[in-house]
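Right, one structure below, let's go through it.
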């Protein structure tokens, strides 16, 4: 495995062509079968989530009242639920919410983490001290109990906005890890020669941070955003399963499984709770494979 | 640590202020026919009068003195409710942690020593799937395919009939609790193994390529001595620090399990207290979790210094 990587790098050097770091990473990523599998699986899931509800014969709120609780059949591929809705369509509609929550929560985490880490690392001194103290405090807040308590306290929030609340909560509690990492990177980067060059060129502070320092941390940011997304999808699922996340009528994979708290559904109607569980697993698995593949591609030194 | 705790207490207090409903009404029940004056008196007694800052300081003062107030719905002192449920959670988590580490350490070492063997590949796939599977879904699958067919107890910690009648002996009690523990324990151990085996493997791998391991081998030491005495001791460093941060994570993770298996622990108590809007109980449990988190971090620092002589406690 490692030999292959070395060969690849050597081949590139032998060709004597200039290959950028992104291209090298992509070359490594392409060769990593499990990572490619993860990437393709994730793309398939995203496409299915987008297109299946569009082409489905059933809508979000199509209650077919004389067709309740039917097991899977040719007409209803995954059966129908207690209100006569097609489970197959709902599965992908639910996936939309789950994946959107994951993407935005991870994006939000990156935005806060990279900004705070970038500022702390660049300015150092007391700015760094205050920001990192703040990060430490947020880091010391126990994640699961706090998320559960806050969504419980805000149970009166309309179902429509619950989704945003969950994203916000995940984002606001999970940035410190990334901020620390970005800060550490920037602390060492800013001492390097190319930063002296930017100073000599008289570039503005903003341009120095955004255009010259942060791009050097993109690899780390992308990896942690991907893995963070997997975590956010799992968190949303657990919260919705506990009845404290996104609430019906908005479907998500988590609140579809929540039905199985009813023991009749759990014992006799597996088509209602097994498919969403499997979908969560496949989605998170694909993202994790993708994320680990990206990490290996960006940082071949890491032993695996 | 104290400033961190102060900030967290403020956050917890503010969260609870967002909760709707009047706790006094919840305490009295609907249509209690209690006069407004009496309600006001009760409000003062429960420390719910005054403005936000006053209430915060009031609550903080009582909390610091160890007075967590009364559970509004269970009508028992919060400290007592937490006291019993914390032990149930500890029991489940300590046993779970013991099995997780007892399995993960040998598995991790073996995976690292025989890198890319079938054994290693099996555990790689195991941990990938394990990390990607929501624990509650795994619990449900396990209940469906193992718990129900084998007739294992699926909820609670003790057989209610036995509790009413009283246990004939201590041994009978241990057996009963043990039987109830099997299902949550399997889920807990398997889901923590997923990340733990990887962690041990990677920290052993990092050590195994060091020069001193080569020296140990070239001295002619047996492979067993090299791995367990020279490699593992050094790999222990990151594992021990993990232990500290692992405790709060474990408690957070078991929160969801407790609600599935109705294990009478702190997580389950928090979950039901949230739904019943039992404010003082929710606040006290959150304080407990925050303290646990800080204790875990402190433990990690101390154990780091204990294991690594290069680190000095300042």
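None of the figures in this text is laboratory data; all of them are computed from the coordinates on show. This is a predicted model, so every value here is computed, not measured. For neighbour counting, all protein chains shown are included, and Cβ atoms are generated from backbone atoms with ideal geometry for every residue, glycine included.
Per residue, what volume in Å³ does the Cα convex hull of segment B:60-111 take up? Please report the intermediate quantities before stating the final value.
Numbers: hull volume 5.9 nm³, N = 52.
Once divided by residue count, the hull of segment B:60-111 is 114 Å³.
Annotation: Cα Rg of segment B:104-175 relative to the compact-globule expectation 2.2 N^0.38 Å equals 1.71. Principal-axis analysis of the Cα atoms of chain A puts helix A:87-123 at an angle of about 20° to the longest axis. The modelled label-to-label distance for the pair residue A:31/residue A:83, using points 7 Å beyond Cα in the direction of Cβ, is 5.3 nm. Counting Cα-Cα pairs of segment A:164-219 in 5 Å increments starting at 0 gives whole-percent bin shares of 4, 17, 22, 19, 13, 11, 7, 5, 2, 0.
Can you pull the mean other chain C-beta count within 10 Å for peptide A:161-168?
Across A:161-168, the average partner-chain Cβ count within 10 Å equals 0.
For the peptide B:272-279, the mean number of other protein chain Cβ atoms found within 10 angstrom of a residue's Cβ is 3.
In this rough spin-label picture, where each label sits 7 Å from Cα along the Cβ direction, the residue B:212-residue B:150 distance is 4.3 nm. Could you calculate the FRET efficiency of residue B:199 with residue A:200 from 1/(1 + (r/R0)^6), where r is the beta carbon distance between them and R0 is 45 Å, rounded to 0.05? Here the calculated transfer efficiency is 0.50.
Per residue, the convex hull spanned by the alpha carbons of chain A comes to 177 Å³.
With all pairs of separate Cα atoms included, chain B yields a Kirkwood hydrodynamic radius of 22.8 Å. With the simple spin-label model, which puts each label point 7 Å out from Cα in the Cβ direction, the residue B:243 to residue B:84 separation comes to 3.2 nm. Between residue A:133 and residue A:207, the contour length at 0.36 nm per residue exceeds the alpha carbon distance by 24.0 nm.
Between residue A:74 and residue A:40, what FRET efficiency follows from the Cβ-Cβ distance if R0 is 35 Å, with the result rounded to 0.05? Once rounded, the FRET efficiency stands at 0.75.
Helix B:118-132 and the long axis of chain B differ in direction by around 20°, with both axes built from C-alpha atoms. In the elastic network of chain B, a GNM with C-alpha springs shorter than 10 Å, the most mobile of B:246, B:56, B:167 is B:167. Between residue B:158 and residue B:298, full extension at 0.36 nm per residue minus the direct alpha carbon distance yields a gain of 47.0 nm.
Label zone (residue B:67, point 7 Å along Cα-to-C-beta; backbone nitrogen cut-off 18 Å) within segment B:1-21: none.
Count, for each residue of B:136-145, the Cβ atoms from other chains sitting within 10 Å of its Cβ, then give me the mean as a whole number.
Working: counts 11, 15, 2, 0, 9, 4, 0, 3, 6, 0.
The per-residue average across the peptide is 5.
I'd like the FRET efficiency for residue B:165 and residue B:276, computed as 1/(1 + (r/R0)^6) with the beta carbon distance as r and R0 of 25 Å, rounded to 0.05. Step by step, r from the Cβ atoms, then E = 0.30. Set against the 2.2 N^0.38 Å expectation for a compact globular protein, segment B:208-285 has a Cα radius of gyration ratio of 1.94.
Taking only DSSP H segments of four or more residues, each worth -39500 (n - 2.57), what value at 222 nm results for chain B once the sum is divided by all its residues, to the nearest 500 deg cm²/dmol?
Details: 13 runs with 226 residues, N = 314.
It lands at -24000 deg cm²/dmol.
Which percent of the Cα-Cα distances in segment B:241-304 go past 15 Å? Everything past 15 Å amounts to 54 percent. The GNM of chain B, with springs linking C-alpha atoms under 10 angstrom apart, assigns the highest mean-square fluctuation among B:51, B:88, B:234 to B:51.
All Cα-Cα separations within segment A:45-90 were binned at 5 Å from zero, giving a P(r) of 5, 25, 31, 23, 11, 4, 0, each value a whole percent of the pairs. When chain A is treated as a GNM with alpha-carbon contacts under 10 Å, the residue of A:128, A:81, A:66 showing the greatest mean-square fluctuation is A:66. Over chain A, dividing the summed -39,500 (n - 2.57) contributions of all DSSP H runs of at least 4 residues by the number of residues returns a 222 nm mean residue ellipticity of -24000 deg cm²/dmol. The three principal axes of the Cα atoms in segment B:142-298 give end-to-end lengths of 66, 38, 31 Å, sorted in falling order.
Taking every Cα-Cα distance in the protein assembly as shown and sorting them into 10 Å bins from zero, the calculated P(r) comes out as 3, 13, 23, 26, 20, 10, 4, 1, 0, 0 percent.
On a 0 to 90° scale, report how tilted helix B:36-45 is relative to the longest principal axis of chain B, with both axes built from alpha carbons and the result rounded to the nearest 10. It is inclined by approximately 30 degrees. Computed extension gain for residue B:56 through residue B:40, at 0.36 nm per residue and net of the alpha carbon distance, reaches 3.9 nm.
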